[in-house]
Each structure stands twice: as C-alpha cells, then as structure tokens.
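Bear in mind that the values in this text are calculations on the coordinates, not laboratory data. Keep in mind it's a predicted model, so treat the numbers as computed, not measured. Glycine gets a Cβ as well: all are built from the backbone with ideal geometry, and neighbour counts include every protein chain shown.
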Amino acid sequence: MLDLARDSSSFRAFVALPLLTAVASAQEPREVPTFPSRTELVTVDAVVLDDRGRPVRGLTAQDFALTEDGRPQAIVSFEAIDPGVTEARAEANAAPGPVATNLAPARTGAASFVLLVDDMSLAPSRESVVRGAIGRFFADGVRDGDELIYATTSGDAWWAARMPEGREDVLSLTARLRGRSLGDNGSDAISEWEAFRITRSESRVGEVSGGGASAGPPTGSLAPQPGQPTAAVAGASMTQRVVNRYYQNRVCIPDLPAATPPSVCRGLVFARAEQVDARRRNRTRDTLAAVDRAVFALTGVRGRKALLMLTEGFLNDPDVDLAREVAGRCREANIAIYSLDVRGLMTGLAAAESGAPNNSTELALMQVEQTDAQVGGSDGLADDTGGFALRNTNDLGAGALRVAEESRVYYLLGYAPPEGKGPRDWRRLQVKVTSPGLTVRARKGYTLRTAAEMVAAAESRLAAERKPTAPLVPADVARALAGVRATDAIPLRAMAYSLEGRPDGTVRTLVAVEADMSRLANLGGEDRPRTVVMVSIAAAHRDSGRVQRLDQRIEVEATSARTGGRASAAWDEGWLALSRDFDLAPGVNQARIVIRDEFLGRLGSLTLRFVVPPPSGLRLSTPLLTNRVLVSREGPARPIVVARREFFASDPLFCQFEVFGAAGKGAPPQVEASYELRQRGGDVVRRSEPSVLAPSADGRLTRLVALTLDGIAQGDYELVLRVVNKATGETKESIEPLRIARRAG
C-alpha cells in the first residue's frame, strides 16, 4: 500500500542527488529591447484598422508617428506581429500520459485572452446570449496555443486553459453560467441611474427647493425652472420624477395627505435610492476587482493581451477610486479591455421587462437614460485602455471575433522615454499612422515604474487584503497562481494520483511535483547542500468552483527534507520530489502549481489538469510507477512517489496499485490481478498471469509489481492492469502510458 503521510499540514519531500554547488542560470523570458546608451525602451503595442474595422498588415516604422506628452519621439525598435493563417505548431517531445511540464516548446502565433463574464450584472434571460458569444469565439476566434483565463465577477469561476486542450473545460464552465441580477419589478422600483442621481443631489435639492414644494403629489412638469442651478434642478427633477411615480403606483397615497405627508414620500424615495445605489457600488467594485485580478495575472506576459468583458455595464462613478486605479494598471500592463454589452439591440421600449412603470413617456425616458448611463464606466474603461465597447447589437459573437483578430495582428513600437519626469509620473502617449483613413488603438499612457516597484505595490495590496490567518505569499507567486502561462526558470513536472474515497464523497488525491535541482540555489555547499523553496498549489474543481490552497515554505537538505519537524529523503536524477494530499470532488480538477527559490527568486509554474473518478464500484487507484523504493526493517518496501512516466531501460520499474470497491457481503474479497507491458498499439513485451490479491492487515488490496526493462527497445509503451472480482465477475482495466529511454552516452 502507499504509505504516505496524511497530515494535511505537511509535505512529503524527496531529493534526488546532492545539490550542485554551481547554480545553472535560469532560462529567462524574452526581454523588451534595450536602448544601447542609457535606459530600457518603452514598448507600445498598436492595432491599426482600416475603414471597415479590419487589421492592417504590412506597415513599417516609417508609417507611425508617436508622441509622449505631445512631443514627437523617435521609434528605435519595430516589430510586426502577424502569424497569418498558420496554426501554432504541435508540441514535440511532450511528457507522456498524465504528466504536465513547464518545458513544452512555445507555440507560434499564440495569443492571451481573458473571458470575464459579469454574472453579477447578468439577467438570467441573457445567459444564452453569453453562451452563444463565447461559443462562436471558440469556434472561429481561438487557435491552438492560445492561452485563456475564464472568470466571473461573482468569483464562481476562475479557470486557466490552453488551447486546444482547455476548450471543453471552458465550454463546460459556460454551460453552468448563471445570471445573478434578478431585477426589481416592484412598484417601488428605482433604476440604478435614478438612484445614483438622487443620492448625489438630494442635499442640494433641499437648498434649491426649500424642502417641500417639489415633494408633493404629481405636478405634471419635470422641466427645469428658470433661475435654478443646473445640477440642483437635475437632482430635484429626478427625485420629483420618482416621487410622482410613487404616487401613481400608490406607494405613496395622494388622497390621504394626512397619512402620507410629502416629506414622508420623499424620504421613502431617498431611502430606496440609497439601497439601490449601495448595491450598485458593491457590484461595480466586485467587477473592477475581477478585472484587476486578471490584469495582475497577465502583468509581465509579453505581447498584446485582451480582456473581453461580457456585461450589462456599470456606471461611471467618480466616487469609486478603484476604477481609475484599474485603468492605470491596465495601461501599464499593456492590457486592452473590450466591453461587450450583452443587452443586445436596444430599440423602442425594450426596457419594459425591467419593471418600469406603465407610463410610455417616462418609460422611454428611463430607457434612454439607463441604456446610455449604465455602460458609462465599462465603455470608458475600454476606451481608456486601447480596446473598444460594443453596444446595441445582437451579434456579440462577431464582436468577440474582432477582438481575437486584433489580438493577433499588431505592431510593437519601441522608443527611449524622455527625461524630466519621475518613475511614478504619468506620461501621456499617442500613436498615429501617416496614411489617411486608418485608425490606431493603443494604450494612452504609462509610468516608468520598474517591474520590482510594481511587484512591491502588488505585494502591499495583497498584504492589506490578506486574511489574518493566511500566509504571506509573494506577489510573483500570487500572480503565477492566478495566471495561465507556464514559467520555466525552474523546470517542473507534475501529475496526480487518485486514491481511496472519503466518507464525504471526495477522493484522496496526491499531487506529485518534481523540480530540477540544478536550477535551485545551494546554500550549504558541498559538505551539506541545502535549498529553501516556497511551494504553492491551488486545486480547483471545475464544476463547483471550489478551490483548495496550499502555501508552504520548505527547507531541503541532502540528507533530509524538513517540514514542520518531519523529515524524509531520497535522491534521483537531480530532481526534488514533493507530494501533497488533497480531498477533491469527482470530476475535472485543475492544480496550478508554483515553486519559488527563496534565495534566488527564480520561479517555476505550470497547470495540471486531471480527472478524479467517483469513489464507487470496482476501481483501481492511479498506478504509481517509479524506479525507486525505500526499504525498511520495520515494514515492506515503499515506492517513492514521482511525477514522471519516462524511465530508463537500465533501471527497474516498480508499479503499485490498490483495488477499491471489491468487498463482499460477509466474505473476504476475491480479486485477481494481472498486467501487460506492450508497445503502444503493438506487441506485448512483458506480462503476468492472473493471481489473487491477498488483503493486508488493515484489509486493503494492494500490489507492488517489479518489472525488468533490460532488452526492451526505447519508445512509447502502455502498462495494462486488469483486475477481476471473482465474486461478481466484474472486470476493470487501467491503461497507463509510459516511455522507455536510453541513458545518454
């Protein structure tokens, strides 16, 4: 049986060979070009469109004019990004089977997207509109190699996906989308725009109106009166309009003035407006926080990044400071926001479904107001970051395709920023093309804050938002956990093992990770090699949105791996092996894994997708394949958990598995097991005859098989495990892919 630690507060850590004293240099990401004489270049990505909105290809640096704070700047580097119609190339030499790695070769022509569904503003009747737009985006706009984050403003989903592998998962997430804005159809309903205007002008209304003159039953006139200040009149008119409606709908009763004085009706309107406006402000902050998280996750990713926000919009509220902050961070991170209004074509009195009163004149007025005002904030955010806002159309899918096309064909312009401003001062940017009839979309400004300063600022925000009991996670780790791109400064590989079921219906799942020790700092020297790493894992269940987190600092020595007073050790092929237990719900799960060298600051990250089987019926655990076992006098040999499916022909191969769900009624289980090792789609090279599994002392049905690989040609193979419940005749089979290789030299 797998004798692994079940303490949820500790890791099992195994180290493979003594740490190298020389630290190999990490593979660095592609950097922004540098100005040879003094400073780093500022790089601006610009999309150029013709009069039909199509990206323009074939431009040169001479076709562009760039100014900063109104002063022309020389373009000293230029790159045209245009993958054309060539699909991204397939990965070569990918890890076999269920193993994920961050060393897969880059795919050409890949783009980075965020699909952010504002489900907090979404009416249930518009769920199908969003699904249709996303479906078309995936059908025609996404290419192999594209990286994508799917998220909702409610926090119900945050899923990282790479195409084409992640297509099915994102479409499944979209299928369970639920609109959370139920609207207000009551007789005392107030629109968000009305509430916004009333709560911000009520104090001035009293000054202008004298307190009571405009608060009584309907007067029949909403027109501003001569001599009144404009803002006050607007507030008075809006308040009076709702007061009039309250009388018409008999929320206030005009024929009982003694029971319902004018001041009481005004008070009812203002109290209701405060409720509606507070709810709106909270929703706006949630939406902006979701945008901010996506921007944070994509900061540092090279190239143009596009955030598609499918929303019913939010107001431009100057009192919400986060809106300005988010817009600034989008511009600094070169992320364009595209606001897609899911309300569709707004004609006539389409707002009737919102519960507006049965007064056609006022209904039309509210329709115009709400249509325009509701998207002021979301439209402004798109325009300010170099994207566009799509409104008043029933073809959101076409808009999503425009975003995809713009994100592939663009130009990178590099220039040396002029002196005279500090690193935090805002620099206004404008990009134009010399040819007439063309439109340019680019960010409108930036600051010269360094990446380190941005990380420090993000770290401060994270610390302020952190729960008192949560560990302090460095900003680069938090960003990698939220992101989608694999980083390879520390080479990693990972896989998941599904084990026994739990009483609550979850399945004990072991997430195994291996890190290349040659990329980690050696703090102890040749005599006592030692390293310190931070390990963070976020395990998410696709269909429920539940996320489990682990953040742990681990000190590892050649002779021990210490975590909270516990120690264990082993070495193999220069890789540090770690494993951690999670109790996960059956279905599709995803683990975002980050390992950070605490001394050098290097970081490796990857995404591991796996399926947890339901804990019912006859089934096998995920077979543990390894070339190492620990032999102890106290008990049987224990296999060492590794995250690989590639082994050398000169090594032994061990396979351990466990059978579940075979217990009989009152009688001991009778289960036979056998295996075959065969070439993938070819001949069998090793096999065993069926034999009965003997229960262990605690009643578990496990088997450890040792195979010799001598004489087997290198290549791709399958290990087939078969078990038969003799009592019922039920049969289960597990097919595990693996690769057999030859050692170099």
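Evaluate E = 1/(1 + (r/R0)^6) for GLN548 and ASN394, where r is the Cβ-Cβ distance and R0 equals 25 Å; express this FRET efficiency to the nearest 0.05.
0.05
Order the peptides 389-396, 653-660 from the highest to the lowest mean number of other Cβ atoms within 10 Å of their residues.
In decreasing order of mean packing, 389-396, 653-660 become 653-660, 389-396.
Length gain on complete extension for the stretch GLU274 to SER691, per 0.36 nm per residue less the alpha carbon to alpha carbon distance?
Net length gain for the segment: 142.7 nm.
Rank-order 534-544, 42-52, 594-604 by packing density, defined as the average count of other C-beta atoms within 10 Å over each peptide's residues, highest first.
With the highest mean Cβ count within 10 Å placed first, the list reads 594-604, 534-544, 42-52.
Take every Cα pair under 8 Å in segment 617-745 that's 6+ residues apart, average their separations, divide by the length, and report that relative contact order as a whole percent.
That works out to 29 percent.
If Lys and Arg each add +1 and Asp and Glu each add -1, what is the summed charge of the other residues whose beta carbon sits under 15 Å from the beta carbon of LEU620?
-2
Return an integer: the convex hull volume of the alpha-carbon atoms of segment 617-745, in Å³ per residue.
It comes to 121 Å³ per residue, whole-number rounded.
Less than 11 Å Cβ to Cβ from THR731, Lys/Arg counted +1 and Asp/Glu -1: what total charge do the surrounding residues give?
Computed value for this residue: 0.
Net charge around GLN62, counting only other residues with Cβ within less than 15 Å of its Cβ (Lys, Arg = +1; Asp, Glu = -1)?
Every neighbour counted, the sum reads -1.
Between ARG54 and ASP319, what length comes free when the chain is fully extended (0.36 nm per residue of separation minus the Cα-Cα distance, one decimal in nm)?
91.7 nm
For segment 617-745, build the charge dipole from Cβ charges (+1 Lys, Arg; -1 Asp, Glu) around the Cα centre, then report which of VAL659, GLN670, THR731 sits farthest towards its positive end.
The listed residue farthest towards the positive side: VAL659.
Within 10 Å, count the other beta carbons around each residue, average over each peptide in 680-693, 172-185, 310-323, and list them highest first.
Peptide ranking by packing, descending: 310-323, 172-185, 680-693.
Using a Förster distance of 22 angstrom, determine the FRET efficiency expected from the C-beta separation of LEU182 and ALA289, and round it to 0.05.
Here the calculated transfer efficiency is 0.50.
Would you grab the residues whose amide H sits under 5 Å from the one on SER154? Only those 5+ places off in sequence or on another chain, please, with H modelled 1.01 Å from N.
Under 5 Å from the amide H of SER154: ASP119, MET120.
Suppose each label sits 7 Å from its Cα in the direction of the beta carbon; what would the LEU171-GLU730 distance come out to in nanometres?
About 3.2 nm, to one decimal.
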